Amino acid sequence: MSLRARRREAGDGSGVLEARQLFGGYGGDDILKGVSLKAAPDRITVIVGPNGAGKSTAMKALFGFVALRAGEIHFDGVRIDGLPPEDLPARGLGYVPQERNVFPSLSIEENLEMGGILRPKARGAALERVYGFFPVLRERRTTPAGALSGGQRQMLAVGRALMLEPRLLMLDEPTAGLAPKVIDEMLDLIRAIHKTGVGILMVEQNARQALEMATHGFVLVNGADRYSGAAASLLGDEEVLQAFLGG
Ligand SMILES: Nc1ncnc2c1ncn2[C@@H]1O[C@H](COP(=O)(O)OP(=O)(O)O)[C@@H](O)[C@H]1O
Ligand SMILES: [Mg+2]
């Protein structure tokens, strides 16, 4: 059965991700203290907030890497909290962690092939699609990922997640450590990916720039979503501007 057919059978086809009142952490005190959020294929949803607020923990929890003490996560009409992370890509959810998101000793193309390993027959078409978004990856396809620039490595990490054609792509700080020009380029590419019908749920330190391209936003503070709503209304909120976006 094809991946698409399997997906139709498994879920409702909406590609909507919804988390309700997540509590949990790494075994000690809760890091997540009531996170609720939603993402969907027709949205670019951005999570912003101070360092240590729990943004990465929330992303890990959504993808099943952090044990929840309470709360529910639904994706594509199916309850996914408690499912192992490796079940999620085939359901249409992709995740690019903040760190160590490529295999440094494998070439670009080998990294992409690892990303597509669940779909050997569609490999060629998926590679073409990724190289279409990121032509520089094709040019350098035999280069080990460890030898790439920061920007190219992030492109590879995103490309790897795209190999299984996610409905929704979770990106944890895709522009971290990149030069301003490369940040612009990366965000433009994310917008281009979204235009092909892929929902984006993204954590970003470049809060203002990210909210400007987003449809929806969440401000996460101390493990809970303090503000949420349309990105434009967050950008127009004096309190949010003063406290989190540098005035
Ligand atoms: N693997 C881990 N084990 C224990 N504590 C962790 C781990 N990862 C993060 N933390 C703690 O969880 C809190 C939130 O971290 P994180 O989710 O990485 O924040 P953010 O992404 O918003 O900067 C911090 O206090 C951090 O020290
Ligand atoms: Mg983080």
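The values are calculated or read from the model by the stated rules, or taken from the named source; none is laboratory data. All figures in this text were calculated on a predicted structure; none of them were measured in a lab. So basically every Cβ, Gly included, is an ideal-geometry build from the backbone, and we count neighbours across all protein chains shown.
Odds and ends about this structure:
- Against the list (1) in contact with a Ser or Thr (Cβ under 8 Å, 6 or more places away or on another chain); (2) crowded, with 18+ Cβ neighbours inside 10 Å; (3) of a type outside the set (A, V, I, L, M, F, W, C), the condition Thr143 fails is (2).
- Of all residues in the range 43-56 being away from ligand 2 (no atom under 11 Å from the Cβ) and not aliphatic (A, V, I, L, M), the one that is surrounded by the fewest Cβ atoms within 10 Å (Cβ to Cβ): Arg43
- When we screen Ile190, Ile200 for residues that are away from ligand 2 (no atom under 16 Å from the Cβ), part of a strand (DSSP E or B), within 30 Å of Lys33 (Cα to Cα) and within 17 Å of the chain's Cα centre (by Cα), the only hit is Ile200.
- The condition of being away from ligand 2 (no atom under 16 Å from the Cβ), closer than 24 Å to Pro174 by Cβ and either at pLDDT 95 or above or out of contact with any strand residue (DSSP E or B) (no Cβ under 8 Å at 6 or more places or on another chain) (or both) does not hold for Gly71.
Conditions (1) surrounded by fewer than 22 Cβ atoms within 10 Å (Cβ to Cβ); (2) of a type in the set (D, E, K, R), marked per residue:
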| position | (1), (2) |
| --- | --- |
| Gly150 | yes, no |
| Glu204 | no, yes |
| Phe218 | no, no |
| Asn222 | yes, no |
| Glu239 | yes, yes |
| Leu245 | yes, no |
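- Looking at Val66, Val48, just one residue is in contact with a Ser or Thr (Cβ under 7 Å, 6 or more places away or on another chain) and more than 23 Å from Arg129 (Cα to Cα), and that residue is Val66.
- Among the residues of this structure, Gly159 does not count as one that is touching a Lys or Arg at 6+ places or on another chain (Cβ under 7 Å) and closer than 23 Å to Phe65 by Cα.
- Filter result for Gly150 (touching a Leu at 6+ places or on another chain (Cβ under 9 Å) and over 30 Å from Ala67 (Cα atoms)): yes
- For the range 91-137, a tally of residues being among the charged types (D, E, K, R) and modelled with pLDDT under 90 returns 5.
- Per-region count, the range 32-70, residues more than 14 Å from ligand 1 (Cβ to nearest atom), under 18 Å from Phe218 (Cα atoms) and in contact with a Leu (Cβ under 9 Å, 6 or more places away or on another chain): 9
- Selection within the range 169-184 - out of contact with any Lys or Arg (no Cβ under 9 Å at 6 or more places or on another chain) and buried (at least 22 other Cβ atoms within 10 Å of the Cβ): Leu169, Met170, Leu171, Pro174, Thr175
- Pick from the range 159-187, criterion within 21 Å of Asp76 (Cα to Cα) and outside any strand (DSSP E or B), ranking: nearest to ligand 2 (Cβ to nearest atom): Ala161
- Taking (1) under 28 Å from Gln205 (Cβ atoms); (2) in contact (Cβ under 8 Å) with a residue 60 or more places away in the chain; (3) surrounded by 15 or more Cβ atoms within 10 Å (Cβ to Cβ); (4) more than 16 Å from ligand 2 (Cβ to nearest atom) in turn, Met59 satisfies each apart from (4).
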